[in-house]
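One structure is given here, and the rest of the page talks about it.
Computed from the coordinates by the stated procedures, all read-outs in this text should not be read as laboratory data. All values derive from a computational prediction rather than experimental measurement. Please note: Cβ atoms are built from the backbone with ideal geometry, for glycine as well, and neighbour counts cover all protein chains shown.
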Amino acid sequence: MESSAFVRASQFSMFPPKRNSSNRDTLPFKPWKPTTSRSTTLQCHKMYVPGFGEASPEAKAAKHLHDFFTYIAVRIVSAQLQSYNQEAYADMMQFLERHPLNDGDKFCADLMRESSRHKSLALRILEVRSAYCKSDFEWDNLKRLSLKMVDDRNTRLMRDYVSETSSVKSESEK
C-alpha cells in the first residue's frame, strides 16, 4: 500500500517566516502557527491513584506527617518540662490523658483553649513543631528509608510466598 504525504517547505526552516505587515492582515492563515501531527493529549508518566477525592496521596502523607510532627513536638516539650517545670509537666500529662493526639491541630487548638497556662504550652508545641519540621527532620533520610523499606518488604513477602507455595526447601530448612 502506497501513501503520500504533503509537507510544507516552511516546516523545515529553523527560523520563523518574516512577517510582512502589509501582507499579515490579508493572509487567510497565520504564517507562524506551528502544525503538529502529534496528539494534544497530555502524556503523564505518573500512576493514577483512584479513590483519594480532592487530595493526592502526597497530600494525605503530608497530613499524617503534620500530625506526627505534633506528636514529636509534644514529646520534646514534655521531656523539657519534666526536667525543669514539674507543674507544667503534670498539666500536660493530665491533658494528654483526656485528649487524643490523632489530629495535631485539634489537639493544639483544644490545649490553647484550656487555660492561659495551657495556651503557653500550646504555643511552645507549635514553635517546636515548626522548628523540627524545618530544621531537624531529615527529609532525604525519609525518602531513602521509605524506598529501602518498600523494596525489602516486597522481597520478603515474595520470598515467603514462594517458599510456602513451592516444594523447594530453603537452605535454612535443610
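Quick one: of Lys60/Lys106; Lys46/Lys106; Lys60/Lys119, which pairs are farther than 25 Å apart, Cα to Cα?
Checking Cα-Cα distances, Lys46/Lys106; Lys60/Lys119 exceed 25 Å.
Please state the shape class of segment 129-168: rounded when a/c is under 1.5, otherwise prolate if a/b exceeds b/c and oblate if not, all from the C-alpha gyration tensor. It is prolate, given that a/c is not under 1.5 and a/b is the larger ratio.
Per residue, the average separation of C-alpha pairs within less than 8 Å and at least 6 apart gives segment 62-174 a relative contact order of 26 percent. Once both labels are positioned 7 Å from their Cα atoms along Cα-to-Cβ, the gap between Asn85 and Met158 label points is 5.3 nm. For the pair Trp139 and Arg113, the difference between a 0.36 nm per residue extended length and the Cα-Cα distance amounts to 6.1 nm. Between rounded, prolate and oblate, where does segment 90-140 land on the alpha carbon gyration tensor, with a ≥ b ≥ c its root eigenvalues, rounded for a/c under 1.5, else prolate if a/b exceeds b/c? Taking the square roots of the gyration eigenvalues as a ≥ b ≥ c, segment 90-140 is prolate. Between Arg98 and Ser56, the distance separating the two model label sites (each 7 Å from Cα on the Cα→Cβ line) works out to 4.1 nm. Counting charges near Gly104 (Lys, Arg +1; Asp, Glu -1) among other residues having Cβ under 13 Å from its Cβ returns a value of 0.
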